[in-house]
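All remarks here apply to the structure that follows.
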Amino acid sequence: KNELELNVEKTTFTGYDTLLDTGKVLAIISEGTLADTIGEGTKAVIILDKTPFYAEGGGQVCDKGFMSTIVESEDEKIFDAEVLKVEKKDGVFYHTVQVLSNEIKVGDEVLLAVDPEKRHCTERNHTATHLLQKALREIVGTHVEQAGSMVNENVLRFDFSHFEAVTPTQLQEIEARVNEVINNFMPVSVAEMSMEDAQKTGAMALFGEKYGDVVRVLDIGFSCELCGGTHVSRTGDIGFFKIVSEG
């Protein structure tokens, strides 16, 4: 897909606001070449003008879900394709799909449905990652810096710089601090602003990460960071936070 000459605009991501949207098929890549149509049983990559599907990035896994051609019908909707993976390159989202029925053609208007359970569970873990980082800096020390993360619907992993193992007592304190913030049901707000304005707010940025001219600032009151991921609207939605291992 990287070698093909794709004359398409950047994909508009609508998934911060909705999990159900429509999009227009701009291009189809099947077996490494551009195709006009794909049929039942085909696995291919579809590029749309806009999408609610989050593409893997910033430590957060991609959304999964379904895609369907829009047909004027009173019948119950049967989805035509399963969205297995979503990747992003240079602002273009690549949806890997498995066609289950019918055909999908370039120019089709399609209905796009993100798996809500997977997305919401992933959001809970992503917001918890932000709380964990702040709790680490409070309890272990402000020298702690994020060195990577992995967030999916089941678990979060947070990598950070520190000169020794975190003690069992510190782990208990970190866990208790995060749960305290969760139980306060603090609102999670997001604002888009210039990088210069974001720096004035004191928002933490990830070292080595590339940011655009406009950045998203995630403010939980307790924690303020730059983040392009998806999050819960209040900390209480996370539920309960448990550290299961440290190494």
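Placing +1 on each Lys and Arg Cβ and -1 on each Asp and Glu Cβ, with no other charges, gives the stretch 55-178 a dipole about its Cα centre of roughly 620 debye.
When the residues 139, 220, 70 are ordered by accessible surface, computed with a 1.4 Å probe over the protein chains alone, the sequence from largest down reads 70, 139, 220. How large, in percent, is the carbon and sulfur part of the accessible surface of the chain at a probe radius of 1.4 Å? Whole-percent figure for carbon plus sulfur exposure: 47. Scalar couplings 3J(HN,Hα) for the stretch 152-168, obtained by applying the Karplus form with A = 6.51, B = -1.76, C = 1.60 to θ = phi - 60°, are 10, 6, 9, 7, 10, 10, 10, 9, 8, 8, 6, 8, 7, 5, 6, 6, x Hz; x denotes Gly and Pro. Sequentially through the stretch 4-11, phi angles give Karplus couplings (6.51, -1.76, 1.60; θ = phi - 60°) of 6, 7, 9, 9, 10, 6, 4, 6 Hz, Gly and Pro residues having no value and appearing as x. Each residue of the stretch 232-247 is assigned a 3J(HN,Hα), and the resulting list reads 6, 8, 8, 4, x, 5, 5, x, 10, 9, 9, 7, 9, 6, 9, x Hz, derived from the Karplus form 6.51 cos²θ - 1.76 cosθ + 1.60 (θ = phi - 60°), x at Gly and Pro. A cut-off of 5 Å between modelled amide H atoms, ignoring neighbours fewer than 5 places along the same chain, links residue 160 with 147. Once all protein chains are placed together, residue 177 keeps about 60 Å² accessible to a 1.4 angstrom probe.
By its C-alpha gyration tensor, with a ≥ b ≥ c as the square roots of the eigenvalues, how is the chain shaped: rounded for a/c under 1.5, else prolate for a/b larger than b/c, else oblate?
prolate
When a/c reaches 1.5 or more, the comparison of a/b and b/c decides; with that in mind, is the stretch 1-128 rounded, prolate or oblate per its Cα gyration tensor? Oblate, since a/c reaches 1.5 and b/c is not below a/b.
Note on residue 234: accessible area approximately 110 square angstrom, rounded to 10, probe 1.4 Å, nucleic acids and ligands left out. Only lysines eight or more places from residue 89 in sequence, or on another chain, were considered; those with a Cα closer than 16 Å are 1, 10, 50, 210.
On a 1.4 Å probe surface of the protein chains, which of 189, 149 comes out largest in accessible area, and what is the full order?
Working: 189 60, 149 25 Å².
The ranking, largest first, comes out as 189, 149.
Between the helical axis of 116-139 and the longest alpha-carbon principal axis of the chain there is an angle of about 20 degrees. The heavy atoms of residue 19 offer some 40 square angstrom of accessible surface to a 1.4 angstrom probe. In this Cβ point-charge picture (+1 for Lys and Arg, -1 for Asp and Glu), the stretch 166-209 has a dipole of about 100 debye about its Cα centre.
Charging the Cβ of each Asp and Glu at -1 and of each Lys and Arg at +1, and nothing else, the dipole of the chain about its Cα centre rounds to 680 debye. Classify the stretch 179-224 as rounded, prolate or oblate, taking a ≥ b ≥ c as the square roots of the eigenvalues of its Cα gyration tensor: rounded when a/c is under 1.5, otherwise prolate if a/b is larger than b/c and oblate if not. In terms of gyration-tensor shape, prolate. In this structure, the amide hydrogen of residue 65, modeled 1.01 Å from its nitrogen in the peptide plane, lies closer than 5 angstrom to those of 83, 115, counting only residues at least 5 positions away or on a different chain.
The values are calculated or read from the model by the stated rules, or taken from the named source; none is laboratory data. Since the model is a prediction, treat every value here as computed from it, not as a measurement. Positions of Cβ are generated from backbone atoms using ideal geometry, with glycine treated the same way; all protein chains shown enter the neighbour counts. Accessible surface areas use protein heavy atoms only, side chains included; no ligands, DNA or RNA. Shrake-Rupley method; radii C 1.70, N 1.55, O 1.52, S 1.80 Å.
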